[in-house]
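First the structure, in the form of C-alpha coordinates, and then the observations on it.
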Amino acid sequence: MPRGQQQAAKPVEEEEVVQQEEEDEHCGPMPIEKLEGNGITAVDIKKLRESGFHTVEAVGHEIKKNLLLIKGLSEAKVDKLLAEAHKLVPMGFTTATEMHKDRGDIIQITTGSKELDKLLDGGIETGSITEIFGEFRTGKTQICHTLAVTCQLPLAQSGGEGKALYIDTEGTFRPERLLAVAERYGLNGDAVLDNVAYARAHNSDHQNQLLIDASAMMSESRFALLIIDSATALYRTDYSGRGELSARQMHLAKFMRSLQKIADEFGVAVVITNQVVAQVDGASMFTADPKKPIGGNIIAHASTTRLSLRKGRGETRICKIYDSPCLPESEATFAINADGIGDAKE
(Lines give C-alpha, C1' and ligand atoms only; values in the text may rest on other atoms or scores of the structure.)
Protein backbone atom coordinates (compact mmCIF):
# COMPACT_ATOMS: atom_id res chain seq x y z
CA MET A 1 0.00 0.00 0.00
CA PRO A 2 1.41 3.48 -0.89
CA ARG A 3 2.51 5.65 2.08
CA GLY A 4 -0.22 8.24 1.45
CA GLN A 5 -2.93 5.58 1.58
CA GLN A 6 -1.40 4.10 4.77
CA GLN A 7 -1.55 7.52 6.45
CA ALA A 8 -5.16 7.97 5.33
CA ALA A 9 -6.14 4.52 6.63
CA LYS A 10 -4.70 5.14 10.12
CA PRO A 11 -7.15 7.90 11.20
CA VAL A 12 -10.06 5.80 9.88
CA GLU A 13 -8.95 2.87 12.07
CA GLU A 14 -8.61 5.19 15.10
CA GLU A 15 -12.07 6.60 14.35
CA GLU A 16 -13.54 3.05 14.30
CA VAL A 17 -11.92 2.25 17.67
CA VAL A 18 -13.33 5.45 19.24
CA GLN A 19 -16.75 4.67 17.73
CA GLN A 20 -16.60 1.11 19.15
CA GLU A 21 -15.64 2.46 22.61
CA GLU A 22 -18.56 4.90 22.49
CA GLU A 23 -20.94 2.05 21.55
CA ASP A 24 -19.62 -0.14 24.40
CA GLU A 25 -20.04 2.75 26.83
CA HIS A 26 -23.60 3.33 25.62
CA CYS A 27 -24.55 -0.34 26.19
CA GLY A 28 -24.13 -0.34 29.97
CA PRO A 29 -25.57 1.90 32.69
CA MET A 30 -24.32 5.51 32.74
CA PRO A 31 -22.08 6.43 35.70
CA ILE A 32 -23.53 9.08 38.03
CA GLU A 33 -20.60 11.42 37.17
CA LYS A 34 -22.29 12.17 33.82
CA LEU A 35 -24.71 14.44 35.71
CA GLU A 36 -21.89 16.75 36.82
CA GLY A 37 -22.16 20.27 35.39
CA ASN A 38 -25.10 22.62 34.75
CA GLY A 39 -25.26 23.55 38.44
CA ILE A 40 -24.62 19.99 39.73
CA THR A 41 -21.32 19.81 41.62
CA ALA A 42 -18.92 17.00 42.54
CA VAL A 43 -20.14 17.37 46.16
CA ASP A 44 -23.74 16.63 45.01
CA ILE A 45 -22.49 13.54 43.15
CA LYS A 46 -20.68 12.39 46.30
CA LYS A 47 -23.90 12.78 48.35
CA LEU A 48 -25.81 10.70 45.78
CA ARG A 49 -23.16 7.94 45.87
CA GLU A 50 -23.21 7.86 49.68
CA SER A 51 -26.99 7.39 49.52
CA GLY A 52 -26.72 4.42 47.15
CA PHE A 53 -27.18 6.13 43.76
CA HIS A 54 -24.37 5.06 41.43
CA THR A 55 -25.91 5.44 37.96
CA VAL A 56 -27.86 8.10 36.07
CA GLU A 57 -30.64 5.50 35.63
CA ALA A 58 -30.93 5.12 39.43
CA VAL A 59 -31.58 8.86 39.78
CA GLY A 60 -33.90 9.04 36.77
CA HIS A 61 -36.07 6.16 38.00
CA GLU A 62 -36.31 7.42 41.61
CA ILE A 63 -39.25 9.42 42.97
CA LYS A 64 -38.67 13.00 44.10
CA LYS A 65 -39.75 12.25 47.70
CA ASN A 66 -36.86 9.80 48.22
CA LEU A 67 -34.26 12.13 46.72
CA LEU A 68 -35.38 14.91 49.09
CA LEU A 69 -34.45 12.63 52.01
CA ILE A 70 -30.75 12.91 51.03
CA LYS A 71 -29.11 15.29 53.50
CA GLY A 72 -27.78 18.46 51.88
CA LEU A 73 -29.92 18.40 48.70
CA SER A 74 -32.46 21.22 48.37
CA GLU A 75 -35.73 20.87 46.46
CA ALA A 76 -34.35 23.06 43.64
CA LYS A 77 -31.25 20.83 43.41
CA VAL A 78 -33.37 17.66 43.33
CA ASP A 79 -35.50 19.14 40.51
CA LYS A 80 -32.29 19.96 38.62
CA LEU A 81 -30.92 16.43 39.14
CA LEU A 82 -34.15 14.83 37.89
CA ALA A 83 -34.32 17.17 34.87
CA GLU A 84 -30.71 16.33 33.87
CA ALA A 85 -31.22 12.58 34.46
CA HIS A 86 -34.40 12.55 32.36
CA LYS A 87 -32.47 14.14 29.47
CA LEU A 88 -30.06 11.18 29.46
CA VAL A 89 -32.42 8.32 30.40
CA PRO A 90 -35.27 7.47 28.00
CA MET A 91 -38.47 7.77 30.05
CA GLY A 92 -41.12 8.17 27.34
CA PHE A 93 -42.95 5.93 24.90
CA THR A 94 -41.29 3.72 22.31
CA THR A 95 -42.69 1.45 19.60
CA ALA A 96 -43.38 -2.26 20.01
CA THR A 97 -40.91 -2.76 17.13
CA GLU A 98 -38.10 -1.20 19.18
CA MET A 99 -39.14 -3.22 22.21
CA HIS A 100 -39.13 -6.42 20.14
CA LYS A 101 -35.64 -5.59 18.86
CA ASP A 102 -34.39 -4.97 22.43
CA ARG A 103 -35.94 -8.26 23.59
CA GLY A 104 -33.93 -10.03 20.87
CA ASP A 105 -30.69 -8.82 22.48
CA ILE A 106 -31.52 -10.30 25.91
CA ILE A 107 -29.01 -12.90 27.11
CA GLN A 108 -30.18 -16.24 28.51
CA ILE A 109 -27.96 -18.01 31.07
CA THR A 110 -27.87 -21.80 30.90
CA THR A 111 -29.02 -23.79 33.95
CA GLY A 112 -26.73 -26.73 33.10
CA SER A 113 -29.67 -28.90 31.98
CA LYS A 114 -30.74 -28.91 28.31
CA GLU A 115 -34.28 -29.95 29.24
CA LEU A 116 -34.59 -27.13 31.76
CA ASP A 117 -33.13 -24.61 29.27
CA LYS A 118 -35.65 -25.78 26.67
CA LEU A 119 -38.49 -25.24 29.17
CA LEU A 120 -37.18 -21.71 29.87
CA ASP A 121 -36.72 -20.94 26.14
CA GLY A 122 -32.93 -20.79 26.44
CA GLY A 123 -32.23 -20.37 30.15
CA ILE A 124 -32.55 -17.79 32.92
CA GLU A 125 -33.43 -14.41 31.41
CA THR A 126 -31.30 -11.36 32.21
CA GLY A 127 -32.97 -8.08 33.14
CA SER A 128 -35.78 -9.75 35.08
CA ILE A 129 -36.53 -11.59 38.34
CA THR A 130 -36.84 -15.39 38.32
CA GLU A 131 -38.29 -16.97 41.46
CA ILE A 132 -37.62 -20.63 42.28
CA PHE A 133 -39.72 -22.16 45.05
CA GLY A 134 -40.27 -25.62 46.46
CA GLU A 135 -39.88 -27.80 49.54
CA PHE A 136 -36.49 -28.57 51.07
CA ARG A 137 -34.28 -30.90 48.96
CA THR A 138 -35.91 -29.97 45.65
CA GLY A 139 -32.73 -28.42 44.17
CA LYS A 140 -33.22 -24.67 44.70
CA THR A 141 -29.76 -24.04 46.18
CA GLN A 142 -28.13 -26.46 43.70
CA ILE A 143 -29.55 -24.49 40.76
CA CYS A 144 -28.16 -21.29 42.34
CA HIS A 145 -24.67 -22.82 42.70
CA THR A 146 -24.68 -24.02 39.08
CA LEU A 147 -25.85 -20.62 37.77
CA ALA A 148 -23.08 -18.84 39.74
CA VAL A 149 -20.62 -20.69 37.48
CA THR A 150 -22.52 -20.83 34.15
CA CYS A 151 -23.05 -17.03 34.19
CA GLN A 152 -19.25 -16.73 33.77
CA LEU A 153 -19.21 -18.78 30.56
CA PRO A 154 -18.82 -17.04 27.17
CA LEU A 155 -22.00 -16.06 25.29
CA ALA A 156 -21.28 -18.81 22.73
CA GLN A 157 -21.69 -21.37 25.54
CA SER A 158 -24.97 -19.82 26.75
CA GLY A 159 -23.20 -17.92 29.52
CA GLY A 160 -23.40 -14.29 30.60
CA GLU A 161 -19.68 -13.35 30.47
CA GLY A 162 -19.96 -11.71 33.90
CA LYS A 163 -19.45 -12.18 37.60
CA ALA A 164 -22.01 -13.48 40.10
CA LEU A 165 -23.19 -11.89 43.34
CA TYR A 166 -24.52 -14.33 45.94
CA ILE A 167 -26.52 -13.24 49.02
CA ASP A 168 -26.99 -16.18 51.37
CA THR A 169 -29.61 -15.99 54.14
CA GLU A 170 -29.65 -19.65 55.20
CA GLY A 171 -25.94 -20.47 55.44
CA THR A 172 -26.10 -23.06 52.63
CA PHE A 173 -23.44 -21.60 50.28
CA ARG A 174 -20.63 -24.09 49.57
CA PRO A 175 -17.66 -22.99 47.39
CA GLU A 176 -16.66 -26.64 46.78
CA ARG A 177 -19.89 -27.06 44.76
CA LEU A 178 -18.74 -24.22 42.50
CA LEU A 179 -15.38 -25.94 41.96
CA ALA A 180 -17.15 -29.16 40.88
CA VAL A 181 -19.28 -27.25 38.34
CA ALA A 182 -16.21 -25.28 37.12
CA GLU A 183 -14.35 -28.56 36.47
CA ARG A 184 -17.28 -29.82 34.39
CA TYR A 185 -17.05 -26.76 32.10
CA GLY A 186 -13.24 -26.75 31.98
CA LEU A 187 -12.92 -23.45 33.86
CA ASN A 188 -10.16 -22.44 36.24
CA GLY A 189 -11.48 -23.10 39.76
CA ASP A 190 -9.65 -20.22 41.47
CA ALA A 191 -10.79 -17.74 38.79
CA VAL A 192 -14.41 -18.93 39.15
CA LEU A 193 -14.34 -18.43 42.94
CA ASP A 194 -12.76 -14.96 42.53
CA ASN A 195 -15.64 -14.00 40.22
CA VAL A 196 -18.31 -14.78 42.83
CA ALA A 197 -18.94 -12.04 45.41
CA TYR A 198 -20.50 -13.61 48.51
CA ALA A 199 -22.30 -12.08 51.49
CA ARG A 200 -24.20 -13.64 54.39
CA ALA A 201 -27.35 -11.68 55.36
CA HIS A 202 -28.18 -11.81 59.09
CA ASN A 203 -31.53 -10.00 59.16
CA SER A 204 -34.04 -8.45 56.75
CA ASP A 205 -32.61 -4.91 57.18
CA HIS A 206 -29.11 -6.20 56.46
CA GLN A 207 -30.50 -8.01 53.41
CA ASN A 208 -31.77 -4.65 52.08
CA GLN A 209 -28.46 -2.92 52.85
CA LEU A 210 -26.57 -5.57 50.88
CA LEU A 211 -28.52 -4.57 47.75
CA ILE A 212 -27.17 -1.01 48.10
CA ASP A 213 -23.64 -2.48 48.33
CA ALA A 214 -24.43 -4.68 45.31
CA SER A 215 -25.37 -1.63 43.21
CA ALA A 216 -22.02 -0.01 44.06
CA MET A 217 -20.13 -3.15 42.99
CA MET A 218 -22.14 -3.52 39.78
CA SER A 219 -21.39 0.09 38.79
CA GLU A 220 -17.66 -0.71 38.88
CA SER A 221 -17.50 -4.22 37.40
CA ARG A 222 -19.40 -6.42 34.93
CA PHE A 223 -21.87 -8.69 36.74
CA ALA A 224 -24.29 -11.06 34.98
CA LEU A 225 -26.19 -12.56 37.92
CA LEU A 226 -27.55 -11.70 41.37
CA ILE A 227 -28.70 -14.60 43.59
CA ILE A 228 -30.66 -14.34 46.85
CA ASP A 229 -31.00 -17.73 48.55
CA SER A 230 -33.51 -17.41 50.09
CA ALA A 231 -35.33 -14.08 49.75
CA THR A 232 -37.97 -14.83 52.38
CA ALA A 233 -36.25 -16.93 55.10
CA LEU A 234 -35.32 -13.96 57.30
CA TYR A 235 -38.76 -12.36 56.96
CA ARG A 236 -40.34 -15.47 58.47
CA THR A 237 -38.32 -15.02 61.65
CA ASP A 238 -38.00 -11.20 61.83
CA TYR A 239 -41.77 -10.70 61.57
CA SER A 240 -44.18 -13.01 63.37
CA GLY A 241 -47.95 -13.20 63.71
CA ARG A 242 -50.75 -11.35 61.96
CA GLY A 243 -49.95 -8.15 63.88
CA GLU A 244 -46.69 -7.71 61.95
CA LEU A 245 -47.96 -9.01 58.61
CA SER A 246 -48.55 -5.54 57.12
CA ALA A 247 -45.05 -4.31 58.16
CA ARG A 248 -43.49 -7.50 56.77
CA GLN A 249 -45.22 -7.17 53.40
CA MET A 250 -44.25 -3.50 53.07
CA HIS A 251 -40.61 -4.29 53.84
CA LEU A 252 -40.70 -7.21 51.40
CA ALA A 253 -42.27 -5.03 48.70
CA LYS A 254 -39.43 -2.49 49.03
CA PHE A 255 -36.88 -5.30 48.83
CA MET A 256 -38.48 -6.71 45.65
CA ARG A 257 -38.64 -3.21 44.15
CA SER A 258 -34.91 -2.76 44.81
CA LEU A 259 -34.25 -6.07 43.03
CA GLN A 260 -36.24 -4.95 39.98
CA LYS A 261 -34.33 -1.65 39.89
CA ILE A 262 -31.01 -3.55 39.86
CA ALA A 263 -32.28 -5.81 37.05
CA ASP A 264 -33.38 -2.74 35.03
CA GLU A 265 -30.26 -0.63 35.66
CA PHE A 266 -27.55 -3.24 35.17
CA GLY A 267 -29.33 -5.82 32.98
CA VAL A 268 -28.38 -8.67 35.34
CA ALA A 269 -30.40 -11.83 35.85
CA VAL A 270 -31.92 -11.80 39.35
CA VAL A 271 -32.64 -15.25 40.80
CA ILE A 272 -34.40 -15.59 44.15
CA THR A 273 -35.39 -18.76 45.97
CA ASN A 274 -38.53 -18.95 48.06
CA GLN A 275 -39.81 -21.31 50.73
CA VAL A 276 -43.25 -22.89 50.79
CA VAL A 277 -45.94 -23.09 53.45
CA ALA A 278 -48.55 -25.82 53.90
CA GLN A 279 -52.17 -24.71 53.52
CA VAL A 280 -54.15 -25.81 56.57
CA ASP A 281 -57.51 -24.26 55.71
CA GLY A 282 -60.53 -26.08 54.26
CA ALA A 283 -59.48 -25.33 50.66
CA SER A 284 -56.39 -27.54 51.02
CA MET A 285 -58.59 -30.66 50.81
CA PHE A 286 -59.55 -29.78 47.24
CA THR A 287 -56.09 -28.94 45.87
CA ALA A 288 -53.66 -31.51 44.47
CA ASP A 289 -50.68 -29.77 46.13
CA PRO A 290 -51.61 -27.99 49.39
CA LYS A 291 -48.22 -26.18 49.59
CA LYS A 292 -47.87 -22.62 48.30
CA PRO A 293 -44.97 -20.14 48.10
CA ILE A 294 -44.75 -17.63 50.94
CA GLY A 295 -44.69 -13.86 50.45
CA GLY A 296 -48.24 -13.70 49.07
CA ASN A 297 -49.16 -11.37 46.22
CA ILE A 298 -46.15 -9.10 46.85
CA ILE A 299 -43.68 -11.71 45.57
CA ALA A 300 -46.16 -13.10 43.03
CA HIS A 301 -46.50 -9.74 41.25
CA ALA A 302 -42.83 -8.71 41.59
CA SER A 303 -41.38 -11.91 40.06
CA THR A 304 -41.31 -12.08 36.26
CA THR A 305 -41.02 -15.86 36.01
CA ARG A 306 -41.99 -18.27 38.81
CA LEU A 307 -40.68 -21.84 38.81
CA SER A 308 -42.09 -24.57 41.04
CA LEU A 309 -39.81 -27.50 41.96
CA ARG A 310 -40.81 -30.87 43.33
CA LYS A 311 -39.04 -34.17 43.98
CA GLY A 312 -38.97 -36.99 41.47
CA ARG A 313 -37.40 -40.45 41.66
CA GLY A 314 -33.89 -40.64 43.11
CA GLU A 315 -31.85 -37.62 42.10
CA THR A 316 -34.40 -36.35 39.57
CA ARG A 317 -36.46 -33.21 40.14
CA ILE A 318 -39.41 -31.76 38.23
CA CYS A 319 -39.60 -28.06 37.37
CA LYS A 320 -42.92 -26.49 36.39
CA ILE A 321 -43.58 -23.03 34.94
CA TYR A 322 -45.87 -21.66 37.65
CA ASP A 323 -46.22 -18.17 36.18
CA SER A 324 -44.63 -16.35 33.23
CA PRO A 325 -45.60 -13.54 30.84
CA CYS A 326 -44.39 -15.49 27.78
CA LEU A 327 -43.67 -19.14 28.63
CA PRO A 328 -46.40 -21.80 28.43
CA GLU A 329 -47.31 -23.78 31.55
CA SER A 330 -45.33 -27.01 31.18
CA GLU A 331 -42.81 -29.22 33.01
CA ALA A 332 -39.24 -30.51 32.60
CA THR A 333 -37.23 -33.13 34.46
CA PHE A 334 -33.65 -32.48 35.55
CA ALA A 335 -31.12 -34.13 37.86
CA ILE A 336 -28.86 -33.00 40.70
CA ASN A 337 -25.43 -34.45 39.90
CA ALA A 338 -22.04 -34.27 41.59
CA ASP A 339 -21.03 -31.59 39.05
CA GLY A 340 -24.19 -29.49 39.35
CA ILE A 341 -27.54 -29.45 37.57
CA GLY A 342 -27.82 -31.70 34.52
CA ASP A 343 -30.24 -33.77 32.47
CA ALA A 344 -31.97 -36.75 34.04
CA LYS A 345 -30.63 -40.10 32.82
CA GLU A 346 -33.18 -42.33 31.11
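The values are calculated or read from the model by the stated rules, or taken from the named source; none is laboratory data. If you're wondering where the values come from, they're calculated on a predicted model, not measured in any experiment. As a convention, Cβ positions derive from the backbone with ideal geometry for all residues, glycine included, and neighbour counts pool all protein chains shown. Each accessible area value is taken on the protein alone, full model and side chains, heavy atoms only, with ligands, DNA and RNA left out. Shrake-Rupley method; radii C 1.70, N 1.55, O 1.52, S 1.80 Å.
Provide Ser51, Ser246 ordered by accessible surface of protein heavy atoms (probe 1.4 Å), highest first. Intermediate values should be presented prior to the final figure.
Details: Ser51 50, Ser246 75 Å².
Heavy-atom accessible area, descending, gives Ser246, Ser51.
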Residues with amide H under 5 Å from that of Gln275, placed H, sequence gap 5 or more: Thr232, Ile294
Net charge, Val43 excluded, C-beta distance under 15 Å - Lys, Arg +1, Asp, Glu -1: +2
Area accessible to solvent at His301, 1.4 Å probe radius, in Å²: 150 Å²
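State the percentage of accessible surface on the chain attributable to carbon and sulfur atoms; use a 1.4 Å probe and exclude ligands, DNA and RNA. Don't jump to the answer; show the numbers that get you there.
Working: 9700 of 18650 Å².
Roughly 52 percent of what the probe reaches on the chain is carbon or sulfur.
Could you put Tyr185, Tyr235, Tyr198 in order of accessible surface area, largest first, with the 1.4 Å probe and the full protein assembly present? Show your work: numbers first, answer last.
On the way: Tyr185 55, Tyr235 5, Tyr198 100 Å².
Highest to lowest solvent-accessible surface, that is Tyr198, Tyr185, Tyr235.
Top to bottom by accessible area (1.4 Å), largest first, where do Asp190, Asp238, Asp229, Asp117 land?
On the way: Asp190 110, Asp238 60, Asp229 0, Asp117 20 Å².
Reading off the accessible areas and sorting them downward yields Asp190, Asp238, Asp117, Asp229.
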Farthest toward positive dipole pole in the chain [+1 Lys/Arg, -1 Asp/Glu at C-beta], among Gly122, Tyr185, Cys319: Cys319
Formal net charge of residues neighbouring Arg200 (Cβ-Cβ distance under 10 Å; K, R +1; D, E -1): -2
Radius 12 Å from Cβ of Ile109, net charge of other residues (Lys, Arg +1; Asp, Glu -1): -3
Accessible area per residue, Å², the chain with all protein chains present, probe 1.4 Å: 54 Å²
Residue-averaged 222 nm ellipticity for the chain, from DSSP H runs of 4+ at -39500 (n - 2.57), nearest 500: -13000 deg cm²/dmol
Net charge dipole size for the chain [Lys, Arg +1 and Asp, Glu -1 on Cβ; Debye, nearest 20]: 1280 debye
Computed E for Arg313/Glu135 - FRET, C-beta separation, R0 22 angstrom, nearest 0.05: 0.90
Separation of the Asn208 and Lys345 label points, Cα + 7 Å toward Cβ, nm: 4.9 nm
Residue-span extension gain [Thr94 to Leu68] - 0.36 nm each, minus C-alpha spacing: 6.4 nm
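Taking 8 Å as the Cα distance limit and 6 or more residues as the minimum spacing, I'd like the relative contact order of the stretch 148-243 as a percentage.
Details: 128 pairs, mean separation 35.9, N = 96.
Computed over the stretch 148-243, the figure is 37 percent.
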Relative contact order, percent, the chain [alpha-carbon distance under 8 Å, six or more residues apart]: 20 percent
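Full extension from Asp121 to Glu50: what is 0.36 nm times the residue separation minus their Cα-Cα distance, to one decimal in nm? Could you put the intermediate results ahead of the total?
Values: separation 71, 0.36 × 71 = 25.56 nm, distance 3.96 nm.
Contour length minus Cα-Cα distance gives 21.6 nm.
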